[in-house]
1. Relative contact order, percent, of the range B:71-164 when contacts are C-alpha pairs under 8 Å separated by at least 6 residues?
2. Using a/c under 1.5 as the rounded threshold, could you call the range B:211-264 rounded, prolate or oblate? The axes a ≥ b ≥ c are square roots of the C-alpha gyration tensor eigenvalues, and prolate needs a/b larger than b/c, oblate otherwise.
3. Among all stretches of chain A without exposed chymotrypsin sites (Phe, Trp or Tyr not before Pro) (DSSP loop, at most 14 other Cβ atoms within 10 Å), which one is longest?
4. Contact order normalised by length for the range B:60-286, with contacts defined as Cα pairs under 8 Å and 6 or more residues apart; what percent is it?
5. In the range A:39-123, which trypsin sites (Lys or Arg not before Pro) fall in coil by DSSP and have 10 or fewer other Cβ atoms within 10 Å?
6. Can you bin the range A:80-298 into rounded, prolate or oblate? Criterion: square roots of the alpha carbon gyration tensor eigenvalues sorted a ≥ b ≥ c, rounded for a/c under 1.5, prolate for a/b above b/c, oblate for the rest.
7. For the range B:134-219, calculate the relative contact order in percent as a whole number, restricting contacts to Cα pairs under 8 Å that are 6 or more residues apart.
8. Based on the Cβ-Cβ distance of A:Ile216 and A:Leu35, what FRET efficiency does E = 1/(1 + (r/R0)^6) give at R0 = 45 Å, to the nearest 0.05?
Amino acid sequence: MKTRATASGLCGNGRGSAMDSSANGSASTRVLYVLFYALLLLFAVFYLLPFWGALTTSLKQAREVAITNPLAFPSSPTFSPYLEAFAQLKRPLLNSVLITVGGTLGSVFLGSICGYAFAKYRFRYDNLIFTLLVSAIFLPYQAILVPLFQTIRALGLYNTIPGLILVHTAYGIPMCALMFRGFYGDVPDCLIKQAMMDGNGPWRIYTKIVLPSTKIATVTVLVFQFTSIWNEMLFGLIIGGPDSMPATIALNNMMGTLAAEWNVQMAGSMWLALPVLILYIAMGKYLIRGYMAGAVTAS
Amino acid sequence: MVGFLKRNPLLLLVIPLGLVFYFVYVGIGWNLWVSVSDWRGLNASYGFGGFGAYIRMIGDSTFWISLRNTLLLFTIIPICIVLGLVLALIMDQGLKGTNLFRNLFLLPFALSFVVTGTIWAWMYNPSSGILNSLLRLIGLESLTGFWHTSQQTVMPSIILALVWQFSGYVALIFLAGIKSVPQSQINAARLDGASQFKIYRRLVLPQLKGALTTSVVIIAMFALRSFDFIWVLTGGGPGYSSHTLPIQMYKETFMSSRFPYGAAIGNVLLVLVLLLVMPLTYRSYRR
């Protein structure tokens, strides 16, 4: 419940802001406003400066990078670093798309089933099982990397895309289950009871009632998982190889080989950031809701 | 099959719970055994081999550097909390464009550590990087430095970059906490003649405990798992100066094939999570 309260608070349904009801317009209030805006702008510069430098550099020729100020926008912007970076990242970006789509669908579907069961059904040891499930969110992956590496090799999935999909699915389930349990808790029990009395089984109730009435929740978790898996690097490094390397690993390898060509590296970073940026701009509301639901683990 | 599932719907849980049970809990047990196994070199071996890996830690100066750096990353927590709280309070003033600023502040958190690590490598590049160029441009030549390429400044550089990445998120959590204080309480306090400052101090801040715990837990988890960003930015260098436990674990295990030692370092991280992070979450689970 708490998840929803905070999430909706951010989305504008909560209480208003501190100054809404206070008397505006006095001189001291105006001074405060100017001060606040100045601070906000200062912080905006702090958060955006690295991106600006990356953008300007990614639009320059290699020789231009060496002689111009990195913050100056190029006099004649070029897209050639983007083409060069894409040529090198093409295959890893495709791998990333496959891994991310597979891992997202797998973890969201399985996490959703868990969330549904733990939100709406009581069974033996349900609290204990749920606690164990959610505690897995806090697992430091270093404590299971060796067994994971051995398991994936034994399954013949080392250096394969299905291997990475499997791993992302497994480690994504706990967070998805937690988020879904919160969202499904808001589906009225009477709806489910009514459907049960009409002779529907849990699976039909899940597909005909719970899923259709929680579309926003599904989108939220999908967006959250997509960005998490897309951004991930450790598993790609451990069980990915030349044939299944995600773009995160490929970008990092580029750094090792092209130490001087910052423009290509920055363009590569932009390629890697692009899907997340698109989601952030198009579905920022859902992403933020996901961050808040993810944060509720501890509050 | 369908009928069977209909009568026993809980069987659907077997797949997800089985995956998590195997990949998390079996993995933890297996890893505990690896750390005391007689596994030497590349080929796995599971006989008992003694506690050599843990004894090795005591005399391994790299381990102590890694542990110290891992704990050093916890300084991100108070910095992010102060910064996040200030930003959240400013964003609570109902200024026009607040949502735009909030989205800008949160942007670094949305991106991959690989992207931000690559960008910060260019930020910190000593010869022609963004930060040194900027400092020269505004006449602060004396502040230019070697940042992540010097043993003295590498950890502060990493901490500054991670504050940049996390503080917007902490601000978001605090802002949500502030917004969830009931308006009726605030109106009542205002009727009693309380000033805005007093309302924040007496009424709002005490209700931010949950947001505070959340922030601490999330940043602490990232600190204990700190691999991607540091691996991309410094690879643990120069020398061993920015090794953290996850970095050392990776190098020992997958670059030097010391599997029991790597497993043991992983177990130390697990213990740190159990000691430092889980107690904070336990109270909230019970509620």
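Taken together, the values in this text are just the output of simple stated rules run on the coordinates, not laboratory data. Values in this document were obtained by computation on a predicted structure and should not be read as measured data. Here the Cβ positions follow ideal geometry from the backbone for every residue, glycine too, while neighbour counts run over all protein chains shown.
1. Once normalised by length, the contact order is 25 percent.
2. Here the range B:211-264 falls in the oblate category.
3. Working: sites that count: A:Phe79, A:Tyr121, A:Phe123, A:Tyr125.
With a cap of 14 other Cβ atoms within 10 Å, the longest stretch comes to A:126-299.
4. Relative contact order here is 29 percent.
5. Numbers: sites: A:Lys60, A:Arg63, A:Lys90, A:Lys120, A:Arg122; in loops: A:Lys60, A:Arg122.
Listed in order of number, the matching sites are A:Arg122.
6. Because a/c hits 1.5 or more and a/b exceeds b/c, the range A:80-298 counts as prolate.
7. Answer for the range B:134-219 is 25 percent.
8. So the FRET efficiency works out to roughly 0.75.
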